[in-house]
Amino acid sequence: MFELVFLGTSASAPSIHRGMPSVAVLAGEHRYLVDCGEGTQRQILRSGLGYKKLNRILLTHAHLDHILGLGGLISSFTHFESVEFVEIYGGKPALDRVNALLFSVVLRDERMPMPIHLIDLKAGRVLKAKHYEVSAFDVTHRGRGNYGFVFQENPHRPFLVERAEALGVPAGPERGMLVRGQAVTLADGRVIQPSDVVAPEEAGAKLVVIGDTGRIDNLVEHARDADALVIEATFLSEHSEEARAFGHLTAAQAAQLAVEANAKSLILWHVSRRYRERDVLDEARAIFPHAVVARDYDHFVVKRGVGAAKREDEPEPLDPATAEPDQSE
């Protein structure tokens with residue numbers, strides 16, 4: 001299971017209701033930040049996440065609207081020392097800009113509050129944890145060094161509790177042995193095999209997060225069978241030529257990718273202030289009915305086979321079909 005907290009969902013410039021691009025991914029005890037647009041540190045506080053353990057930052061590309069917030073965030077870390085280390089992953093163009101921002105400006109006259117590691121991304125596995133791994137893949141946008149990310153849970157074999165109880169397997173070490181693939185002998189002499197109480201192997205949850213991109217044909221396999229696909233929807237089809245010129249997608253293209261990749265759910269972000277949210281949603285849902293447009297502070301849970309669902313303990317958002325656009329639009 002993964003969780004998503006959207007901290008900023010606007011494209012290029014903030015609007016009244018949308019901050020600059022950034023999304024937190026919660027994976028077990030670890031937290032990741034994908035992109036860090038201007039003002040992200042305030043969005044983190046308003047979301048209730050706080051800074052603790054938010055020390056791995058994945059950058060989709062080098063454009064300033066996706067990295068400028070690092071200056072303020074790292075500056076806050078120097079005063080509050082909320083994390084033990086910071087790892088910033090990105091392509092070389094992104095890291096060159098981050099290096100200049102942090103070490104020539106933000107930290108120029110400051111003591112180094114914690115180790116800060118700039119890690120040059122390459123396509124392939126980025127991080128491996130106990131129950132999941134994170135990998136990067138190439139994305140086509142303006143310039144070099146653009147990436148999307150896959151968060152993939154390990155396959156697992158669910159323990160069938162009701163079946164174990166029906167067979168009389170007591171709670172305790174015996175069940176642990178069966179999970180580890182060892183047969184157990186019960187007090188009455190019956191031998192229980194792991195296959196009696198452990199289901200066949202199932203794939204884990206898959207979350208795909210993509211920032212700015214101008215193509216979908218090279219993304220299908222990376223997004224294949226994703227339980228949640230997060231991707232930009234900067235333009236509507238009426239401005240498809242402009243989208244192509246600037247290396248961005250329309251909402252229809254994002255939805256088409258979800259269909260071709262057999263994604264379970266589609267979450268659109270990086271939305272231009274020129275459009276009404278309902279129009280972005282209508283264009284996407286005409287192709288992929290399970291599309292939603294993320295708003296700042298939206299919180300989603302991603303589970304295998306379920307896709308992205310609003311947490312039950314979260315307040316219900318405004319109906320996207322009736323929500324009004326920013327007054328500034």
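The values are calculated or read from the model by the stated rules, or taken from the named source; none is laboratory data. As the structure is a computational prediction, the values presented were derived from the model and not from experiment. Note that each Cβ is placed from the backbone with ideal geometry, even for glycine, and that neighbours are counted across all protein chains shown.
Of all residues in the range 151-165, those satisfying the criterion of being in contact with a helix residue (DSSP H, G or I) (Cβ under 9 Å, 6 or more places away or on another chain) and either loosely packed, with under 13 Cβ neighbours inside 10 Å or part of a helix (DSSP H, G or I) (or both) are Val161, Arg163, Ala164.
The set of residues in the range 244-263 that are surrounded by fewer than 21 Cβ atoms within 10 Å (Cβ to Cβ) and touching a residue at least 24 places away in the same chain (Cβ under 8 Å) comprises Arg244, Phe246, Gly247, Ala252, Gln256, Val259, Glu260, Ala261, Asn262.
Counting the residues of the range 12-41 that are in contact with a helix residue (DSSP H, G or I) (Cβ under 8 Å, 6 or more places away or on another chain) and more than 30 Å from Asn154 (Cα to Cα) gives 9.
Given Gly176, Gly148, Gly189, which one is surrounded by 14 or more Cβ atoms within 10 Å (Cβ to Cβ) and either of a type outside the set (A, V, I, L, M, F, W, C) or under 23 Å from Val208 (Cβ atoms) (or both)?
Values: Gly176 fails: surrounded by 14 or more Cβ atoms within 10 Å (Cβ to Cβ); Gly189 fails: surrounded by 14 or more Cβ atoms within 10 Å (Cβ to Cβ).
Gly148 is the lone residue from the list that is surrounded by 14 or more Cβ atoms within 10 Å (Cβ to Cβ) and either of a type outside the set (A, V, I, L, M, F, W, C) or under 23 Å from Val208 (Cβ atoms) (or both).
Considered as a group, the residues in the range 40-61 that are at pLDDT 95 or above and not in a helix (DSSP H, G or I) include one that is farthest from Glu3 (Cα to Cα), and that residue is His61.
A quick yes/no check of all residues on (1) at negative phi; (2) out of contact with any helix residue (DSSP H, G or I) (no Cβ under 8 Å at 6 or more places or on another chain):
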site	(1), (2)
Glu260	yes, no
Glu283	yes, no
Pro289	yes, yes
Val292	yes, no
Tyr297	no, no
Val302	yes, yes
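The residue that is farthest from Ser76 (Cα to Cα), among those in the range 93-133 that are part of a loop (DSSP other than H, G, I, E, B) and among the aliphatic types (A, V, I, L, M), is Ala123. Could we say that Leu73 is hydrophobic (A, V, I, L, M, F, W, C), farther than 19 Å from Leu266 by Cβ, in contact with a helix residue (DSSP H, G or I) (Cβ under 6 Å, 6 or more places away or on another chain) and in a helix (DSSP H, G or I) here? Answer is yes for this residue.
Residue count for the range 76-92 under the criterion of being modelled with pLDDT under 95 and in a helix (DSSP H, G or I): the result is 5. Within the range 1-39, if we keep just the residues that are among the aliphatic types (A, V, I, L, M) and part of a loop (DSSP other than H, G, I, E, B), the residue that is nearest to Val126 (Cα to Cα) turns out to be Met1. Does the range 227-249 hold any residues that are over 13 Å from Val293 (Cα atoms), not in a helix (DSSP H, G or I) and not hydrophobic (A, V, I, L, M, F, W, C), and which are they? Hits for the range 227-249 are Asp227, Gly247, His248.
A count restricted to the range 122-136 and to residues that are hydrophobic (A, V, I, L, M, F, W, C) and either touching a Leu at 6+ places or on another chain (Cβ under 8 Å) or not assigned by TED's automatic domain parsing to the domain that holds Leu58 (or both) stands at 3. If you check Gly50, Gly37 for being surrounded by fewer than 16 Cβ atoms within 10 Å (Cβ to Cβ) and under 18 Å from the mean Cα position of the chain (by Cα), only one passes: Gly50.
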